[in-house]
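Heads up: the structure comes next, in structure tokens.
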Amino acid sequence: AQSVSQHNHHVILSEAASLELGCNYSYGGTVNLFWYVQYPGQHLQLLLKYFSGDPLVKGIKGFEAEFIKSKFSFNLRKPSVQWSDTAEYFCAVGVTGGGNKLTFGTGTQLKVEL
Amino acid sequence: NAGVTQTPKFQVLKTGQSMTLQCAQDMNHEYMSWYRQDPGMGLRLIHYSVGAGITDQGEVPNGYNVSRSTTEDFPLRLLSAAPSQTSVYFCASSTRGVIYTFGSGTRLTVV
């Protein structure tokens with residue numbers, strides 16, 4: 001079975017700072033990779049996804065993520081965060097043909113201060 | 001287009017009571033799933049379905065039942081509520097290959 005590790009549980013940044021959230025997974029086969037965001041009191045929304053092809057994927061709101069197969073990593077980045085990016089971020093892994101089951105990391109709580 | 005609709009939004013149960021969390025989607029998605037979200041633990045899969053009449057267990061299925069009689073509906077039943085089932089429950093639906101849409105969640109408290 002696959003597993004997902006998110007190393008940063010709480011991150012506090014000032015506006016305009018750069019963001020990188022780590023995500024590592026363990027699975028020997030082909031995976032689909034996702035980042036979801038959950039704003040306070042809301043449901044999860046898809047930020048970006050990787051299935052195949054260019055390992056650098058761009059998502060909504062200026063977020064991007066890079067898939068590094070050799071490191072089993074899929075880190076999320078944003079060059080300049082805004083106060084409105086305050087939210088919880090979840091990395092998730094899905095296995096092709098696995099019934100669409102997603103395995104989520106434990107999440108990273110991001111707080112952006114003015 | 002409503003997407004994924006969950007009811008109720010909030011619920012308080014007494015230990016031992018049973019209840020059904022409702023989930024409906026109007027996107028004709030084949031796949032539906034139930035997750036629970038607990039602080040520091042991310043989302044964990046309870047049950048999932050790959051189509052009407054087909055369900056299977058996820059990571060934490062104990063104490064929960066599901067059925068999928070139609071493509072649209074995927075109710076989650078708590079058989080005998082326990083305080084350990086206090087959580088936020090999310091239903092999600094997807095086309096083949098990826099989960100696109102989550103419901104707004106049900107916050108359940110078991111006292």
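The values are calculated or read from the model by the stated rules, or taken from the named source; none is laboratory data. All figures in this text were calculated on a predicted structure; none of them were measured in a lab. Here Cβ is always computed from backbone atoms with ideal geometry, including for glycine, and neighbour counts include all displayed protein chains.
With respect to the conditions (1) over 19 Å from A:ASN32 (Cβ atoms); (2) within 13 Å of chain A (Cβ to nearest Cβ); (3) among the acidic types (Asp, Glu), B:GLU59 falls short on a single one, namely (1). Return yes when B:GLN11 is touching a residue at least 24 places away in the same chain (Cβ under 8 Å) and part of a strand (DSSP E or B) and no when it is not. Yes: the conditions hold for B:GLN11. Exactly one residue among B:VAL60, B:VAL50 is of a type in the set (Val, Ile, Thr) and part of a strand (DSSP E or B), and that residue is B:VAL50.
For (1) at the interface with another protein chain (Cβ under 10 Å from one of its Cβ atoms); (2) at pLDDT 90 or above; (3) touching a strand residue (DSSP E or B) at 6+ places or on another chain (Cβ under 9 Å); (4) under 20 Å from A:TYR36 (Cβ atoms), each residue gets a yes or a no:
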{"residue": "B:VAL12", "(1), (2), (3), (4)": "no, yes, yes, no"}
{"residue": "B:MET19", "(1), (2), (3), (4)": "no, yes, yes, no"}
{"residue": "B:SER69", "(1), (2), (3), (4)": "no, yes, no, no"}
{"residue": "B:LEU78", "(1), (2), (3), (4)": "no, yes, yes, no"}
{"residue": "B:THR95", "(1), (2), (3), (4)": "yes, no, yes, yes"}
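Working carefully through the options A:THR96, A:THR30, A:THR106, A:THR86, find the one that is out of contact with any Pro (no Cβ under 7 Å at 6 or more places or on another chain) and modelled with pLDDT of 95 or more. That would be A:THR86, the only listed residue that is out of contact with any Pro (no Cβ under 7 Å at 6 or more places or on another chain) and modelled with pLDDT of 95 or more. Of all residues in segment B:22-45, those satisfying the criterion of being part of a strand (DSSP E or B), within 14 Å of chain A (Cβ to nearest Cβ) and farther than 22 Å from A:SER5 by Cβ are B:CYS23, B:GLN25, B:TYR31, B:MET32, B:TRP34. Taking only segment A:1-25 into account, find how many residues are over 14 Å from A:GLY94 (Cβ atoms) and more than 11 Å from chain B (Cβ to nearest Cβ). Residues that pass the stated criteria total 15. Quick one: in segment A:77-114, which of the residues that are acidic (Asp, Glu) and away from chain B (no Cβ under 14 Å) is farthest from the chain's Cα centre (by Cα)? Across segment A:77-114, the extreme among qualifying residues is A:GLU113. Of the residues making up segment A:17-35, those that are outside any strand (DSSP E or B), surrounded by fewer than 17 Cβ atoms within 10 Å (Cβ to Cβ) and in contact (Cβ under 8 Å) with a residue 24 or more places away in the chain are A:ALA17, A:SER18, A:GLY22, A:TYR27, A:GLY29, A:THR30. Put simply, of B:TYR64, B:TYR89, B:TYR48 the only residue that is crowded, with 16+ Cβ neighbours inside 10 Å and at pLDDT below 95 is B:TYR48. Scan segment B:68-111 for residues that are aliphatic (A, V, I, L, M) and without any contact (Cβ under 8 Å) to a residue 40 or more places away in the chain and the total you get is 1.
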